[in-house]
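*Asks:* If you scroll down you'll find the structure; I have some questions about it.
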Amino acid sequence: MLRPSIEQSILDSLVYRGVLSQTDLTNAAEEAKSGAEDLEVILLDRYCIPKEVLGAALSDYYQCPYLPYDERTVVDVELLKTLNHDYLRKNLWLPIARHGQLLDVLAQDPHDLEKGWDVRRSFPGMTIRYAVGLRRDIEQFLSAATGQGRDSSLGTILSELVKDIPVDSAPDGVSGAIDENDSAIVRLANHLISEADRLGASDLHIEPYADKKETAIRFRVDGTCYTYMRVPAAYRRALVSRIKIMANLDIAERRKPQDGKIRFKRGAQRDIELRVATLPTAGDNEDAVLRLLTAKEPMPLEAMEFAPAVLQAVKSLAEKPHGIILCVGPTGSGKTTTLHAILRHINTDERKIWTAEDPIEITQDGLRQVQVHQKIGLNFAAAMRAFLRADPDIIMIGEMRDKETADIAIEASLTGHLVLSTLHTNSAVETVVRLLDLGCDSFNFADAMLGVLATRLCKRICAQCKEQYHPSHQEYEELIEAYGPRYGKPLDFPYSGQLTLSRGHGCEACHHTGFKGRVPLHELLVGSEEMKQLIQSKVRTAAMLANAIESGMVTLLQDGIHKVFRGLTTYRQVRAVAVK
């Protein structure tokens, strides 16, 4: 419980910030004096003061940062080895991390002299840097660090590993103190995969370093990497070896890259498939990168946030009896999800649909899905040839990686089949040039092409902390200039006092980034007669782009700016992924 003088100062600060009335201040102070409940509980639960507002008031009073509980903030369990956990829970302070001789300590009352002496006695000679936290945040940090939170908690696992490693053990783990079959290593690997899945990560990176530097564990969430935790160098080799065992790779081979797959059981009814790649890195180390391929249901086209005109055009193209539709963009831009949404739209009992994928990420009834196996010669081209002997109406190829696959796909589309595929290109128009550069026949491709759909995923403003604001005239002009007045399609958003854009304030739900989830951007190039003539003539990219825009194509950047005005994302995020 905070001292009375501090409680009054915090209450005064909340009144000054306009989140507490003078009457509520008096009532809250009286309730706190009665001692029935802590002031923090009264303010958070009874008066619904947001945690970040109360934290900001504490930060102002103590003149140190406020640290809310975040599951991605990992407490260094080494610092807790000599401390009594019940004592820490009662006195509400906790060492968080050590940087050389600097120690970060989280405390409910950083000005409490008696507890300050306890901290100095526990860590003599250290420079103490305080952060202030709420009681419930400190208790959550303690529960996570001491293993009283989720099963197989990280704190428990690391504590066991720390106990198992001798002080003088070799940093590369060759001492034999711990290996890939150690129960704590097994649980650590399982924990990392479970946490990556729970946090919605697309990739998990294990990055060992030379000497005694800690191994970094990084997650990629919504397209951005961040460090989830660091583990001691002494078991970096054991952790990577454990991942290799799970993926059926050769743990004795550490000099060349390997790749494999893991089928991971997550609960009674849920499986996760992971693609694993290991690469030798500096300092005689190996990195491991795991891509999470969670099995999921196909989305309906209506849920993919197409502009109305683009949605109608995509549906119209998908219902054609033959031709080729390409979905293009970089890795992780939503190409496969989009193709499966199109297949869902046309997946009826009257149509026979074959797909060749690597890997099969999305499954749906009615599709006959084939997993490609490069090592045995079952590549996309071989699968295509087999499909043509299996009475198809529609064929979906996971990726056009070479001229052979592209030629077979074009040939199939010209012989009465609808073909869908993906390609790694930057824009819809560049796709045409890429295929012609591969050596595809320009006349055949022009006849076959129905449309090219370019996709991107940019960060979505967090729905929990979204706020509207009136943009400056300069910000508005920047959007107008980026949209491109030269295209002759002015925006339908005139500048006025009522014009608002959106941004994320930052909250616990989005880990104080202001963004959670992603919003798709689209660019659809339709194979009109005029465009087909340009393809046959092999004109330059700029000429094709000008014609496409003149015919009504909305570029990725323009679609993104429309979604900025709709309050879904910000121009900075659009600019980071869209091609101008």
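*Asks:* When the solvent-accessible surface of protein heavy atoms is calculated with a 1.4 angstrom probe, in what order do 93, 354 fall, highest first?
*Replies:* 354, 93
*Asks:* Would you kindly state how much longer the chain becomes between residue 391 and residue 259 on full extension, computed as 0.36 nm times their sequence separation minus their alpha carbon distance, in nm to one decimal?
*Replies:* My answer for the length gained is 44.1 nm.
*Asks:* For residue 513, what is the net charge nearby, where nearby means another residue's Cβ is under 9 Å from its Cβ and Lys, Arg count +1, Asp, Glu -1?
*Replies:* So the environment of residue 513 carries a net charge of +1.
*Asks:* Follow-up. Quick check on the range 454-580: what are the equivalent-ellipsoid semi-axes from the Cα gyration tensor, as sqrt(5λ), descending, whole Å?
*Replies:* Taking √(5λ) for each Cα gyration eigenvalue gives 32, 17, 10 Å.
*Asks:* Quick check: convex hull of the Cα atoms in the range 183-297, volume per residue, rounded to a whole Å³?
*Replies:* Normalising the Cα hull of the range 183-297 by residue number yields 105 Å³.
*Asks:* What is the set of long-range amide H partners of residue 514 at a cut-off below 5 Å, with H atoms built 1.01 Å from backbone N?
*Replies:* 506, 507
*Asks:* Once the other residues with Cβ under 13 Å from the Cβ of residue 465 are scored (Lys, Arg +1; Asp, Glu -1), what is the net sum?
*Replies:* My count for the surroundings of residue 465 gives +2.
*Asks:* Quick check: net charge around residue 260, other residues with Cβ under 14 Å of its Cβ, Lys/Arg +1 and Asp/Glu -1?
*Replies:* +2
*Asks:* Report the calculated FRET efficiency for residue 495 and residue 363 (r = Cβ-Cβ distance, R0 = 30 Å), to the nearest 0.05.
*Replies:* Efficiency computed from Cβ-Cβ geometry: 0.05.
*Asks:* I've got another one for you. With respect to the cross-link table entries 466/563; 90/213; 315/352, which display a Cα-Cα separation exceeding 24 Å?
*Replies:* Distance filter (> 24 Å) returns 90/213.
*Asks:* Between residue 111 and residue 371, what FRET efficiency comes out of the Förster formula 1/(1 + (r/R0)^6) with R0 = 56 Å and r the beta carbon distance, rounded to 0.05?
*Replies:* It comes to 0.35.
*Asks:* State whether the range 311-402 is rounded, prolate or oblate according to the following rule on the C-alpha gyration tensor (a ≥ b ≥ c being the square roots of its eigenvalues): a/c under 1.5 gives rounded; otherwise a/b larger than b/c gives prolate, and the remaining case gives oblate.
*Replies:* Since a/c reaches 1.5 but b/c is at least a/b, the shape of the range 311-402 is classed as oblate.
*Asks:* Provide the per residue accessible area, probe 1.4 Å, for the range 207-287, rounded to a whole number of square angstrom.
*Replies:* Here the residues of the range 207-287 average 51 Å² of exposed surface.
*Asks:* Still on this structure, please answer the following. Need one number: nm distance between label points at residue 566 and residue 21, each 7 Å from Cα along Cα→Cβ, rounded to one decimal.
*Replies:* Going from the residue 566 label point to the residue 21 one covers 4.0 nm.
*Asks:* For 346, 360, write out the residues from largest to smallest accessible area, computed with a 1.4 angstrom probe and no ligands counted.
*Replies:* 360, 346
*Asks:* Please list, in order, the residues from the range 216-230 whose amide nitrogen is less than 12 Å from a point placed 7 Å along the Cα→Cβ vector of residue 70.
*Replies:* From the range 216-230, the list is 226-229.
*Asks:* On the accessible surface of the range 347-500, probed at 1.4 Å, how many percent belong to carbon and sulfur atoms?
*Replies:* So the carbon and sulfur contribution to the accessible surface is 46 percent.
*Asks:* For the range 251-342, just the Cα set please: Rg and Dmax, both in angstrom.
*Replies:* Both quantities, over Cα of the range 251-342: 19.3, 57 Å.
*Asks:* Also, quick follow-up: Spin-label point model (7 Å from Cα, Cβ direction): what's the residue 378 to residue 120 distance in nm?
*Replies:* It is 7.1 nm.
*Asks:* Sticking with this structure for a sec: Report the calculated FRET efficiency for residue 183 and residue 473 (r = Cβ-Cβ distance, R0 = 45 Å), to the nearest 0.05.
*Replies:* It comes to 0.10.
*Asks:* Using θ = phi - 60° and the Karplus form 6.51 cos²θ - 1.76 cosθ + 1.60, what ³J(HN,Hα) does each residue of the range 387-399 get, whole Hz, x for Gly and Pro?
*Replies:* Karplus values, whole Hz, x for Gly and Pro: 4, 5, 9, 10, 6, x, 9, 10, 10, 10, 10, x, 6.
*Asks:* Considering only protein heavy atoms, with the full assembly of protein chains and a 1.4 angstrom probe, order 213, 375, 403 by accessible area, largest first.
*Replies:* Largest to smallest exposure gives the sequence 375, 213, 403.
*Asks:* Still on this structure, please answer the following. Could you tell me the relative contact order of the range 435-547? Use alpha-carbon pairs under 8 Å, at least six residues apart, and round to a whole percent.
*Replies:* 43
*Asks:* Right, something else. How far apart, in nanometres, would the label points at residue 480 and residue 414 be if each is projected 7 angstrom from Cα along the Cα-to-Cβ direction?
*Replies:* 4.9
The values are calculated or read from the model by the stated rules, or taken from the named source; none is laboratory data. From a predicted model like this one, the values you see are computed outputs, not experimental measurements. Methodologically, a virtual Cβ is constructed for each residue, glycine included, from the backbone with ideal geometry; neighbour enumeration extends over all protein chains shown. Please note that ligands, DNA and RNA were not included when accessible areas were found on the heavy atoms of the full protein model with its side chains. Shrake-Rupley method; radii C 1.70, N 1.55, O 1.52, S 1.80 Å.
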